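The values are calculated or read from the model by the stated rules, or taken from the named source; none is laboratory data. Quick caveat, the model's predicted, so the values are computed rather than measured. When we count neighbours, we look across all protein chains shown, and the Cβ atoms used for this are built from the backbone with ideal geometry, even at glycine.
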Ligand SMILES: O=c1ccn([C@@H]2O[C@H](COP(=O)(O)O)[C@@H](O)[C@H]2O)c(=O)[nH]1
């Protein structure tokens, strides 16, 4: 598999351009069985394909970032993964950046294989960026961090996730200096992004649901993906509580709250535009 450098501009620069044109909203493509049913589709490969490609048609020309959730495609086996490959290709073709939500993390030698799967130019599953789990140690992500850098792609590392259980691990204090695990991940990303312009390509995942935590995002110089808007109960206003004066690089993301408006292409697109306007109003200082 080739891991030759791509001629693409760094992900951070491409993201800044996309956000300035289309706004910061990221919409997730999460083909939940319940949503397929609500759209009048069977929970089978045909239903998955219709759902996911309708979402691409509705959204890829409108929002800056689309975030397919790999789990819902993998649940359909190899044919589901083939649909995911089409989603990535067609969304990118229509002008959206694709952030593949796979939350991968493993020992370094296996991490190299994951990196090749999602970040190598030649992979059919290569996206513009992927989500990574750093809980085997931030350093274990090195193969993905370096391949992403070489191929102009990005990564989003879990720091403080939107689910309430996340605090158990991510809020724990490190024995050496008392920083929380989440703050340590934030600081690692900041170190990777130092000096990058206009924005680094190592992002973080920080839930819009987590409230006031005292986490310091001021040095990150990278994108902050904020899931939890809509179905998980967070609103645009919660972004202010979580991120304080660091709203400029926040990418709010929502999935079910937009997708539930299907199956019509126009209705899904309008829902995303409404969400985008409402988020923009909340982020305006
Ligand atoms: O902390 C996290 C990290 C990832 N997610 C993912 O985002 C979407 C949220 O979907 P909604 O329908 O908007 O709730 C989903 O794919 C999660 O796996 C997250 O929610 N929280």
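Scanning the range 240-258 for residues being more than 9 Å from the ligand (Cβ to nearest atom), touching a helix residue (DSSP H, G or I) at 6+ places or on another chain (Cβ under 8 Å) and within 17 Å of residue 67 (Cβ to Cβ) gives a total of 3.
Of the numbered criteria (1) buried (at least 21 other Cβ atoms within 10 Å of the Cβ); (2) closer than 22 Å to residue 119 by Cα, the one residue 35 fails is (2).
Restrict the check to the range 179-187 and report whether at least one residue is within 16 Å of the ligand (Cβ to nearest atom), buried (at least 16 other Cβ atoms within 10 Å of the Cβ), in contact (Cβ under 8 Å) with a residue 24 or more places away in the chain and not in a helix (DSSP H, G or I). Yes.
Closer than 22 Å to residue 251 by Cβ and surrounded by fewer than 24 Cβ atoms within 10 Å (Cβ to Cβ): does that describe residue 54? No.
Of all the criteria given as (1) surrounded by fewer than 20 Cβ atoms within 10 Å (Cβ to Cβ); (2) within 13 Å of the chain's Cα centre (by Cα); (3) part of a loop (DSSP other than H, G, I, E, B), the one not satisfied by residue 103 is (3).
Scan the range 121-128 and tell me whether some residue there is touching a strand residue (DSSP E or B) at 6+ places or on another chain (Cβ under 6 Å), within 16 Å of the ligand (Cβ to nearest atom) and under 22 Å from residue 15 (Cβ atoms). Checking the range 121-128: at least one residue is touching a strand residue (DSSP E or B) at 6+ places or on another chain (Cβ under 6 Å), within 16 Å of the ligand (Cβ to nearest atom) and under 22 Å from residue 15 (Cβ atoms).
Would you check if residue 87 is in contact with a strand residue (DSSP E or B) (Cβ under 6 Å, 6 or more places away or on another chain) and closer than 22 Å to residue 273 by Cβ?
Details: in contact with a strand residue (DSSP E or B) (Cβ under 6 Å, 6 or more places away or on another chain): yes; closer than 22 Å to residue 273 by Cβ: yes.
Here the answer is yes, as residue 87 does meet what is asked.
Per the listing 8, 17, 60, the residue uniquely touching a strand residue (DSSP E or B) at 6+ places or on another chain (Cβ under 8 Å) and under 18 Å from residue 129 (Cβ atoms) is 60.
Are any of the residues in the range 135-157 more than 22 Å from residue 115 (Cα to Cα), in contact with a helix residue (DSSP H, G or I) (Cβ under 7 Å, 6 or more places away or on another chain), within 16 Å of the ligand (Cβ to nearest atom) and in a loop (DSSP other than H, G, I, E, B)? So that I can check it myself, show each step before the final result.
Step one: filter the range 135-157 for residues more than 22 Å from residue 115 (Cα to Cα), giving none.
The answer is no; no qualifying residue exists.
Figure legend. Inter-residue proximity from the range 243-255: first residues under 17 Å from residue 233 (Cα atoms) and part of a loop (DSSP other than H, G, I, E, B), second residues away from the ligand (no atom under 12 Å from the Cβ) and modelled with pLDDT of 95 or more, beta-carbon distance below 9 Å, spacing 6+ or different chains. No pairs are indicated. Each residue in the range 27-46 was checked for being closer than 19 Å to residue 100 by Cβ and assigned to a loop (DSSP other than H, G, I, E, B), and 3 pass. Selection of the range 229-239 for residues being within 13 Å of the ligand (Cβ to nearest atom) and touching a helix residue (DSSP H, G or I) at 6+ places or on another chain (Cβ under 8 Å) yields 229, 230, 231, 235.
Near the ligand (Cβ under 9 Å from one of its atoms), in a strand (DSSP E or B) and closer than 21 Å to residue 103 by Cα, is that true of residue 225?
Working: near the ligand (Cβ under 9 Å from one of its atoms): yes; in a strand (DSSP E or B): yes; closer than 21 Å to residue 103 by Cα: yes.
So residue 225 passes the test.
Pairing residues of the range 229-240 that are at negative phi and without any contact (Cβ under 8 Å) to a residue 12 or more places away in the chain with residues that are near the ligand (Cβ under 9 Å from one of its atoms) and part of a strand (DSSP E or B), at Cβ distances under 8 Å and at least 6 apart in sequence or on separate chains, gives no pairs at all.
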